[in-house]
Amino acid sequence: MTAIFDQQEDIYRRAMAKWGTVSQMLKAIEEMSELTAALMHWLGDRAGNEDVCEEIADVLITARQLRLIFGEAVTDRIIEEKLNRLDHLIREREDEAMKK
C-alpha cells in the first residue's frame with residue numbers, strides 16, 4: 001500500500017475511533033442521500049459537475065470506512081467478482097453488436 005493510502009486509512013480509523021462505527025454508518029447513509037439529491041439536481045440542470053463530484057468524494061470516503069468496518073478482504077473479493085461480471089457482460093454485448 002502506498003503512503004497516501006496508509007495516511008487515508010489512518011484518517012478513516014481515527015474518525016471511527018472518535019465518533020464510533022454506528023455514527024460513521026449513519027454518516028455514510030447521509031452522504032449517499034446527498035449524492036442522490038445532487039445527481040437529481042444535475043439531471044434537472046440545477047447543479048454542476050463540481051457539486052456532484054463533492055458528493056461523490058463524501059460517499060467514497062464514507063464507503064471506505066464501511067469497507068474497514070465490514071471487512072476489507074471480503075469487500076475487495078466481492079468488488080473483484082462484480083467487476084469481472086461487468087467485464088463479461090460488456091464483452092458479451094460487444095460481441096452481440098459485432099454480429100449484427
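Throughout, read-outs are computed from the coordinates displayed, never taken from laboratory work. Please read these numbers as outputs of a predicted model, since none were measured by experiment. Please note: Cβ atoms are built from the backbone with ideal geometry, for glycine as well, and neighbour counts cover all protein chains shown.
Can you run phi through the Karplus equation (6.51, -1.76, 1.60; θ = phi - 60°) for segment 68-76 and list ³J(HN,Hα) in whole Hz, with x for Gly and Pro?
Once rounded to whole Hz, the list reads 5, 5, 9, x, 5, 5, 5, 4, 5.
What is the magnitude of the charge dipole of the chain about its Cα centre, with +1 placed on the Cβ of each Lys and Arg, -1 on the Cβ of each Asp and Glu, and no other charges, expressed in debye to the nearest 20?
On the way: 14 positive and 21 negative charges, 64 e Å.
That gives a dipole near 300 debye.
For segment 7-99, state the semi-axes of the equivalent ellipsoid (square roots of 5 times the eigenvalues of the alpha-carbon gyration tensor), sorted largest first and rounded to whole angstrom.
Values: eigenvalues 175, 101, 18 Å².
For segment 7-99, the ellipsoid semi-axes come out as 30, 22, 10 Å.
Can you figure out the FRET efficiency of residue 33 with residue 95, using R₀ = 41 Å and their beta-carbon distance, to the nearest 0.05?
On the way: r = 38 Å, r/R0 = 0.94.
Plugging the Cβ-Cβ distance into 1/(1 + (r/R0)^6) gives 0.60.
Would you work out which of 12, 89, 60 lies farthest towards the positive end of the dipole of segment 7-99? Charges go on Cβ: Lys and Arg +1, Asp and Glu -1.
So the residue we want is 12.
Counting other Cβ atoms within 10 Å of each Cβ, which trypsin sites (Lys or Arg not before Pro) in segment 1-99 have at most 14 and sit in a DSSP loop? List each step's numbers first, then the result.
Details: sites: 13, 14, 18, 27, 46, 64, 67, 77, 82, 85, 91, 93, 99; in loops: 46.
Sparse-neighbourhood loop trypsin sites (Lys or Arg not before Pro): 46.
Name the long-range amide H neighbours of residue 47: under 5 Å, sequence gap of 5 or more, or other chain; modelled H, no Pro or chain starts.
Correct list: 42.
Please find, in a Gaussian network model of the chain (springs between Cα atoms separated by less than 10 Å), the residue of 76, 51, 87 whose mean-square fluctuation is greatest.
Of 76, 51, 87, the Gaussian network model singles out 87 as fluctuating most.
With θ set to phi - 60° and the Karplus curve 6.51 cos²θ - 1.76 cosθ + 1.60, what are the ³J(HN,Hα) couplings of segment 25-32 in order, to the nearest whole Hz, using x for Gly and Pro?
5, 5, 5, 4, 4, 4, 5, 5
Gain in length, residue 7 to residue 22, computed as 0.36 nm per residue apart minus the alpha-carbon separation, to one decimal in nm?
Values: separation 15, 0.36 × 15 = 5.40 nm, distance 2.23 nm.
Separation in residues times 0.36 nm, less the Cα-Cα distance, equals 3.2 nm.
Where does the chain land at 222 nm, in deg cm²/dmol rounded to the nearest 500, when only DSSP H runs of n ≥ 4 count, each adding -39500 (n - 2.57), divided by all residues? If you can, show how the numbers build up before the last one.
Values: 4 runs with 90 residues, N = 100.
That comes out to -31500 deg cm²/dmol.
Can you give me the angle between helix 3-19 and the longest principal axis of the chain, using Cα atoms only, in degrees from 0 to 90, rounded to the nearest 10?
Its long axis makes an angle of about 60 degrees.
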